[in-house]
Amino acid sequence: MRTLNFMIFCLAVPFALSTSAATTDPMLSERALLEECSAFSQAGMRDCLAAKAEASRKVLCQAEEMGAQMLSRWDEDILYVKRAKATLVAANVAFAKYRETQCQFSASLSGGGAGNSHEMGRLACLATLNSQRAEQLRAALSDLPVR
């Protein structure tokens, strides 16, 4: 029973932390992005969300590049540096697949809504997940000792 409780705790804590971060930081909240862009017409709202998704894509690309650079300067045996770099590449690929599927799911929650509503949900999801992933990379790599 203790093992089961511990497993539930381990699964619940990261979810609770990510949920609270997503709701307090507008850059990380799909709902906040949708609300912010709702000041425009429907076409303008889509354009606003597309701009936010593109901006978050650029931030994520920068975080991925910075991560690779930080690993190159990591004060660790070259074997572990190479392993970490390869794992980072694999994690980035896996994240991209996850993001695509998750954002398709998010878009599907528009149900029978107009086509634009599906795309707006997808764009808000992309912006949110990109921002969260960029922050995740920054946090993971920020304290590496460098040469």
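The values are calculated or read from the model by the stated rules, or taken from the named source; none is laboratory data. Everything numeric in this text was worked out from a predicted model, so none of it was measured. So basically every Cβ, Gly included, is an ideal-geometry build from the backbone, and we count neighbours across all protein chains shown.
Out of curiosity, is V93 touching a helix residue (DSSP H, G or I) at 6+ places or on another chain (Cβ under 7 Å) and assigned to a helix (DSSP H, G or I)? Step through it out loud before you land on a result.
Numbers: touching a helix residue (DSSP H, G or I) at 6+ places or on another chain (Cβ under 7 Å): no; assigned to a helix (DSSP H, G or I): yes.
The answer is no for V93.
Counting only residues that are at pLDDT 55 or above and either out of contact with any Asp or Glu (no Cβ under 9 Å at 6 or more places or on another chain) or surrounded by 14 or more Cβ atoms within 10 Å (Cβ to Cβ) (or both), how many does region 1-40 have? Full working, then the answer.
Residues of region 1-40 that are at pLDDT 55 or above, as a first pass: 28-40.
From what's left, either out of contact with any Asp or Glu (no Cβ under 9 Å at 6 or more places or on another chain) or surrounded by 14 or more Cβ atoms within 10 Å (Cβ to Cβ) (or both): 28-39.
Count: 12.
Within region 112-135, identify whether any single residue is of a type outside the set (G, A, S), out of contact with any helix residue (DSSP H, G or I) (no Cβ under 8 Å at 6 or more places or on another chain) and free of Cβ contacts under 8 Å to residues at least 60 places away in the same chain, and answer yes or no.
First, pick out the residues of region 112-135 that are of a type outside the set (G, A, S): 116, 118-120, 122-123, 125-126, 128-130, 132-133, 135.
In the following step, the residues that additionally are out of contact with any helix residue (DSSP H, G or I) (no Cβ under 8 Å at 6 or more places or on another chain) were identified as none.
There is no residue in region 112-135 that is of a type outside the set (G, A, S), out of contact with any helix residue (DSSP H, G or I) (no Cβ under 8 Å at 6 or more places or on another chain) and free of Cβ contacts under 8 Å to residues at least 60 places away in the same chain.
Looking at region 101-121, which of the residues that are loosely packed, with under 13 Cβ neighbours inside 10 Å and assigned to a helix (DSSP H, G or I) is farthest from the chain's Cα centre (by Cα)? Show your work before the answer.
Of region 101-121, the ones loosely packed, with under 13 Cβ neighbours inside 10 Å are 101, 105, 108-109, 111-115.
Still in the list and also assigned to a helix (DSSP H, G or I): 101, 105, 108, 115.
Numbers: T101: 13, F105: 15, S108: 19, G115: 24 Å.
For region 101-121, the residue satisfying everything is G115.
Tell me the residue from L137, L129, L79 that is out of contact with any Ser or Thr (no Cβ under 9 Å at 6 or more places or on another chain), assigned to a helix (DSSP H, G or I) and under 15 Å from V59 (Cα atoms), please. Talk me through it step by step, then tell me what you get.
Values: L129 fails: out of contact with any Ser or Thr (no Cβ under 9 Å at 6 or more places or on another chain); L79 fails: under 15 Å from V59 (Cα atoms).
It is L137.
Please enumerate the residues belonging to region 43-60 that are farther than 13 Å from L126 by Cβ and exposed (fewer than 13 other Cβ atoms within 10 Å of the Cβ).
A43, G44, listed by residue number.
Cβ-Cβ below 8 Å, separation at least six or inter-chain, first residue in region 50-70 and farther than 14 Å from S142 by Cα, second surrounded by 21 or more Cβ atoms within 10 Å (Cβ to Cβ) and basic (K, R): which pairs?
Filtered contacts from region 50-70: L60/R133.
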